[in-house]
1. Any residue at all in the range 297-305 that is within 16 Å of the ligand (Cβ to nearest atom), free of Cβ contacts under 8 Å to residues at least 40 places away in the same chain, of a type outside the set (Ser, Thr, Tyr) and farther than 15 Å from MET228 by Cβ?
2. Select, from GLY71, GLY85, the only residue that is under 22 Å from MET228 (Cβ atoms) and in contact with a Gly (Cβ under 7 Å, 6 or more places away or on another chain).
3. Would you tally the residues in the range 164-203 being in contact (Cβ under 8 Å) with a residue 12 or more places away in the chain and closer than 16 Å to ALA91 by Cα?
4. Take the range 78-120 and flag every residue that is in contact (Cβ under 8 Å) with a residue 12 or more places away in the chain and small (Gly, Ala, Ser).
5. Within the range 237-257, can one find any residue that is in a loop (DSSP other than H, G, I, E, B) and more than 14 Å from GLY288 (Cα to Cα)?
6. At positive phi, at pLDDT 95 or above and not aromatic (Phe, Trp, Tyr) - does that describe any residue in the range 310-324?
7. Which pairs do you get when a residue that is over 25 Å from CYS73 (Cα atoms) and of a type in the set (Gly, Ala, Ser), found in the range 22-46, comes within reach of a residue that is modelled with pLDDT of 85 or more and surrounded by 14 or more Cβ atoms within 10 Å (Cβ to Cβ), reach meaning Cβ atoms under 9 angstrom, with the pair 6+ apart or on two chains?
8. Test MET221 against the stated conditions and say whether it is farther than 26 Å from GLU64 by Cα, under 19 Å from the mean Cα position of the chain (by Cα) and surrounded by 15 or more Cβ atoms within 10 Å (Cβ to Cβ).
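The values are calculated or read from the model by the stated rules, or taken from the named source; none is laboratory data. Computed from a predicted model, the values in this text were never measured in an experiment. Here the Cβ positions follow ideal geometry from the backbone for every residue, glycine too, while neighbour counts run over all protein chains shown.
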Amino acid sequence: MAILIDSRGDKEHRGLRHPEKAGRPDTPLVPKPAWIRVKAGGSPQYAETLNVVREHGLNTVCQEAACPNIGECWSKRHATMMIMGDTCTRACSFCNVRTGKPGPLDGGEPERVAQAVAKLALDHVVITSVDRDDLDDGGAEHFARVIAAVRSAAPNTTIEVLTPDFLRKPGALEVVVAARPDVFNHNLETVPGLYPAIRPGARYFHSLRLLQQVKEIDGTMFTKSGIMVGLGETREQVLQVMDDMRSADIDFITIGQYMQPTRKHAALDRYVTPQEFAAYEQAARGKGFLQVAASPLTRSSYHAGDDFARLREARRVLQAREMSSIR
Ligand code: SF4
């Protein structure tokens, strides 16, 4: 039986990274197909990104989630900040982020995130967080403080937040929307039928409704959501999620391959082929999403800056077309 220890050279050697998964049987390993090829790290820019992250005492989801794209993204200085600590109060079966009881919020974090964003000279930053069910507002105020600090230190940087679901945190969503990020992203992660196994602490329709509410509060804010495939979902279920997202007026969908972080995590059902991803992309565009990213290595924050530029342009074109049809 494999023992789950922190394999990332954890600063404090805090032992089991996923204590709740330790007693689970090992899931089978599925060999990676030839089409999953990632770029190695090691470039000077990669090292520079790592230095900035370390110097500012930040966590990144790139490292915590063991993202396969880290070599490519960090070579472009694109790091996705993970705020409010490195320990999550949920225990989703797909996720590599440490689970347990988090520490208190770090009041200096918003300023350090902002300084790091300025130093990395990012055109677009994605800011995500662990889930903080222990906080009365789920961390919404902290998100707002980080957004304000980045706006002040890097006024030309566009900001995308990838938030928790703020389940049973009334008023939290409104606080984050009022801070005016450019993109509000919250991932549905999988099809509703797989929630009990994959995302047991969350509720599919609550997550969908969260994104719909963003648009109700501020119709100009871009909304984005993503799912993983390869967990056992059917094509029909994925198409239904797309329809649900469009009903909630979500602008941008991301679809990427689930990759099992360890053998204690949810079993990988299969590797979805690049042709199937292309078909998903075509279907999503047909359903009216302004922007679609669907490929084996797609992640919420992968190429997020370039995709944000495309998203804005797609809205501009759509609005121009609507105006000309009125005249
Ligand atoms: S895809 Fe996102 S999480 Fe992964 S390395 Fe790139 S920026 Fe980080």
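1. yes
2. GLY71
3. So the answer is 16.
4. Once the filter is applied, which keeps residues that are in contact (Cβ under 8 Å) with a residue 12 or more places away in the chain and small (Gly, Ala, Ser), the range 78-120 yields ALA79, GLY85, ALA91, SER93, GLY100, GLY103, ALA114, ALA116, ALA118.
5. Within the range 237-257, none of the residues are in a loop (DSSP other than H, G, I, E, B) and more than 14 Å from GLY288 (Cα to Cα).
6. Of the range 310-324, the ones at positive phi are none.
No, the conditions are met nowhere in the range 310-324.
7. Every condition considered, the pairs that remain are ALA22/LYS264; GLY23/LYS264.
8. So MET221 passes the test.
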